[in-house]
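First comes the structure, then the notes that go with it.
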Amino acid sequence: MDRAVARIEEAQKRSEKVLIFGDYDVDGVTSSALLRRLLNQMGIQSLNYIPHRMEEGYGLNEDVASFAKAQGIHLVITVDCGINAFAPIEAINAVGIDVIVIDHHEPDGNKLPPALAVIDPKRQDCLYPFKNLSAVGLVGKLMQAILGHIPLEDMDLIALGTVADVVPLHGENRIFVKHGLPNIERTTKPGLKALLEVSKIAGKKMKPYYIGFILGPRLNAAGRMDSAAVSLDLLLSDNAADAYVLACNLEAHNTSRQKMQGEVVEEALRMIEEDEVLKNQNIIVVHKEGWHKGVLGIVASRIVDKYYRPTVVISVEDGMGTGSARSIDGFHLHEALTSCSSILENYGGHKRAAGLRLKHDNIESFRQAMNDFAGQTLTQGKLEPSLVIDCEIPLSMIDLALVELIACMEPHGEGNPPAVFCSKAVTVKSQPQLLGKDTLKFWVSDGNKTISAVGFGMGSFRDKVKMGAQIDLAYTLGIDDWNKAPTVQLMIKDIKN
């Protein structure tokens, strides 16, 4: 950090031009926007560069050196990428340009790229106590190092990128998000205001859910379907009319992404169901010519949801495969990819998510190598999804005061899930109703208290829950205030007869 701060302050004194090279996901785009705001505040001229997913792929490439040279750049700062970009950084150094890497991905052992400064809490020699910052969180720490504080008005971008990148919401991440969510609600940034309006959540109390399932997918959609420059332009826009047009553009991209994603998911699931060997392997590796590269990660997540197996989805084009991988608890994807790195052209990522490139001819060898690694590390117990119960309580203990107490632990998300409770041998007091979108609702009692219970996506349980039956119920606590005074509601996680 000290080297990075000194070099940026030197660029300020010398009136040098800086290139910000970012990734095309929400973390990369928010990092790029936040760093641009910092450099603007310092009076440093800067230029943003986000690679095109389909045309350039992930991360730095060696063409950036000539581009930067032609643009009169003196310093390149990478955000959300660069930790393993050895050759591209050597090429940039060779044309007389310094490089600062700001990344949170796993380095290649103790090897670091030949940059002037490398900010990555996952460096083996890094003593910083909190290792799970997102890239936008790291840029926030850079702002703190330079300015002495993180401006409150920029906490919205930090919260947005932190939640969207699914990093654990504890430690500093929880602080960023807790303070950032209200700033998204009252943001003064025209781009974010337009995105909230077009997404139809303007005026709502901001929750991580809205970032993860509404704002994040829209900001990601541009990079998945075309160029993430649209998302970056939106976040940097200072004109309300322009911002609204850009937000509508993202909405259209998201609609296209949903359609494309649905088609690939359907085709991938059909391929798995028709191949018993593939279906029963510990690691599912599925590939096809021409699948859209922008939806591979989402498709892998859907397959993990269905089969509870680590999954790699690969799109093949001109003899080369581009893949996205998603994992389950207890299986470290980056370590698995490292174990078969000789088969791969390149790879990178985390414990739960990763990307890779390999030759089409090597896909079968890769599938075998991944399953060999899994055979040593994945026990059968790890392939069974489990639900962790935090506490068993009687229904009579539940009231609005308890719900408010539990709410002190918010914001909930990755690494900080809402508390899951269990009440055993409760009696079903009403005929279960099936509401819209596969929602199950009924009332339960322990003899002292009767409370409504709702299960989203749990319509399949309707025939298993009979009025008068005794069941064990796992749930989180919620509030039902639809057209009435607030009352406690149980949000069902699982039902056991």
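The values are calculated or read from the model by the stated rules, or taken from the named source; none is laboratory data. What you are looking at is a predicted structure, and each value in this text was computed from that prediction instead of being measured. Here Cβ is always computed from backbone atoms with ideal geometry, including for glycine, and neighbour counts include all displayed protein chains. The area values use the complete protein model at the heavy-atom level, side chains included, leaving out ligands, DNA and RNA. Shrake-Rupley method; radii C 1.70, N 1.55, O 1.52, S 1.80 Å.
At-a-glance table
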| quantity | calculated |
| --- | --- |
| Cβ-Cβ FRET estimate between residue 144 and residue 345, R0 fixed at 45 Å, reported to 0.05 | 0.75 |
| Kirkwood Rh in Å, taken over the range 51-124 so that all alpha-carbon pairs contribute | 12.4 Å |
| Options 300, 70, 415, ranked by Cα towards positive dipole end of the chain, top entry (Cβ charges) | 415 |
| Reach of residue 382 by Cα under 20 Å, taken over lysines that are not fewer than 8 positions away in the same chain | 279, 306, 351, 493 |
| The chain - mean residue ellipticity at 222 nm from DSSP helices (-39,500 (n - 2.57) per run, n ≥ 4, rounded to 500) | -12000 deg cm²/dmol |
| Total formal charge among the other residues, if their Cβ is under 14 angstrom from that of residue 474, Lys/Arg +1 and Asp/Glu -1 | -1 |
| Over 24 Å [Cα-Cα, the range 96-214], rounded percent | 34 percent |
| Of every Cα-Cα pair in the range 133-172, the percent that sits beyond 17 Å | 23 percent |
| Surface accessible to a 1.4 Å probe, per residue, for the residues of the chain, Å² | 45 Å² |
| Solution diffusion estimate, µm²/s, Stokes-Einstein, the range 380-497, Kirkwood Rh from C-alpha pairs, 10 °C, viscosity 1.306 mPa s | 106 µm²/s |
| Distance (nanometres) between label positions extended 7 Å along Cα→Cβ at residue 278 and residue 318 | 2.5 nm |
| Pair-distance profile P(r), taking every C-alpha pair of the range 375-418, with 10 angstrom steps and integer % | 19, 35, 26, 15, 5 |
| Whole-angstrom Cα spans of the range 318-466 along principal axes, big to small | 64, 34, 28 |
| Label-point gap, in nm, between residue 437 and residue 56 - each point 7 angstrom along Cα→Cβ | 3.7 nm |
| For residue 76, distant residues with modelled amide H under 5 Å away | 19, 98, 99, 100 |
| Length gained when the stretch residue 372-residue 425 is fully extended (0.36 nm per residue, less Cα-Cα span) | 14.7 nm |
| With every protein chain in place, the chain: carbon and sulfur % of accessible area (1.4 Å) | 50 percent |
| Between helix 172-185 and the chain: long-axis angle, C-alpha atoms, 0 to 90°, nearest 10 | 80 degrees |
| Phi-based couplings in Hz for the range 320-332 (Karplus 6.51, -1.76, 1.60; Gly and Pro marked x) | 10, x, 10, x, 10, 10, 9, 10, 10, 4, x, 10, 8 |
| Solution diffusion estimate, µm²/s, Stokes-Einstein, the range 21-171, Kirkwood Rh from C-alpha pairs, 37 °C, viscosity 0.692 mPa s | 210 µm²/s |
| Extension gain (nm, one decimal) between residue 393 and residue 240, 0.36 nm per residue minus Cα-Cα | 50.0 nm |
| Average silhouette area of the range 230-353, convex hull of alpha-carbon atoms, in square nanometres | 9.4 nm² |
| DSSP-defined beta bridges in the chain - what % are antiparallel, rounded to 5 | 60 percent |
| FRET efficiency for residue 364 and residue 485, using Cβ-Cβ distance with R0 set to 56 Å, rounded to 0.05 | 0.35 |
| Computed lengthening from residue 409 to residue 14, 0.36 nm per intervening residue step minus Cα-Cα distance | 137.5 nm |
| √(5λ) per eigenvalue of the Cα gyration tensor, the range 391-458, largest first, Å | 22, 18, 10 |
| Net +/- balance of residues flanking residue 214 in space, Cβ distance below 13 Å, scoring K and R +1, D and E -1 | +2 |
| Charge context of residue 424, other residues only, Cβ under 13 angstrom, K/R +1, D/E -1 | -3 |
| Net charge dipole size for the range 260-364 [Lys, Arg +1 and Asp, Glu -1 on Cβ; Debye, nearest 20] | 440 debye |
| Cα principal axis extents for the range 193-249, largest first, Å | 28, 25, 15 |
| About the Cα centre, charge dipole magnitude for the chain (Lys/Arg +1, Asp/Glu -1 at Cβ), debye | 1220 debye |
| Residue 6/residue 90 FRET efficiency (R0 25 Å; Cβ-Cβ; nearest 0.05) | 0.70 |
| Long-range tail of P(r) for the range 160-318 (Cα pairs > 28 Å, %) | 32 percent |
| Total lysine pairs under 20 Å (Cα atoms) in the range 92-218, excluding pairs fewer than 8 apart on one chain | 19 |
| Accessible-area ranking of 334, 287, 360, 179, largest first, probe 1.4 Å | 179, 360, 287, 334 |
